[in-house]
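Below is one structure, written out as structure tokens; the observations come after it.
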Amino acid sequence: MTPTPLTPTIALSALHRRTIFAVGILLVLSGAGWLGCHFVLGGDPEFPEMPNPWEPFWLKVHGGIAMLSLLVIGSALPWHAWRAWHFHRNRLSGAFVAGVLVVLIGSAWGLYYLGSETLRPVLSWTHWVVGLAIVPLMWWHVIRGRRLRRPAGAPGRAAGGGIGTATGG
């Protein structure tokens, strides 16, 4: 559909979309690298209280990519997220994505800055469970947005004005 003043364009450019996907994939993979070292490989059997020697590496990589992800997320806010919200497009999945990102950013901040041994297990568990959950959530958001972008009556386009259409949900 060619955008006109009456049909707002909220879709990301191909480069922007690929950048978000690439950074997201690297973020999930680096987090999975830490999870694998921490829970699967473990540390030295002779010193079980010591972490796997690769854990600090994966945390540094994950933290660096997380900083980049903040830039990428922020770049999508003015054109994509705020415009989509204003035009009532894909609000349901967009709100879930935004909420999950807030939880991930908040739990990451807590893990890095609070240093509380009481909160650390809760923050860590929350961060990695929600971090893994964002994969299917983003898939849902993208697929839903693509479906809603199709012209009315096109195959795969939801009919009516409720959840699952451009004006609802």
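The values are calculated or read from the model by the stated rules, or taken from the named source; none is laboratory data. Small disclaimer: the values here were computed from a predicted structure and weren't measured. Neighbour counts run over all protein chains shown; Cβ positions are idealised from the backbone, glycine included. All accessible areas refer to the heavy atoms of the entire protein, side chains included, with ligands and DNA or RNA removed. Shrake-Rupley method; radii C 1.70, N 1.55, O 1.52, S 1.80 Å.
Against the numbered list (1) open to solvent by 40 Å² or more (accessible area, probe 1.4 Å); (2) touching a helix residue (DSSP H, G or I) at 6+ places or on another chain (Cβ under 9 Å); (3) closer than 19 Å to LEU132 by Cβ, THR19 comes up short only at (3). For segment 108-118, the criterion of being of a type in the set (Phe, Trp, Tyr), at pLDDT 85 or above and surrounded by 15 or more Cβ atoms within 10 Å (Cβ to Cβ) is satisfied by no residue at all. Looking across segment 22-40 at every residue that is closer than 15 Å to GLY131 by Cα, over 15 Å from the mean Cα position of the chain (by Cα) and not small (Gly, Ala, Ser), the one that is surrounded by the fewest Cβ atoms within 10 Å (Cβ to Cβ) is identified as LEU35.
Could you check segment 49-82 and list, in sequence order, the residues that are loosely packed, with under 15 Cβ neighbours inside 10 Å and at pLDDT below 85? Hits for segment 49-82 are GLU49, MET50.
Here PHE87 fits the description: more than 23 Å from VAL135 (Cα to Cα) and touching a residue at least 40 places away in the same chain (Cβ under 8 Å).
Of the residues in segment 142-162, at least one is modelled with pLDDT of 85 or more, open to solvent by 40 Å² or more (accessible area, probe 1.4 Å) and part of a helix (DSSP H, G or I).
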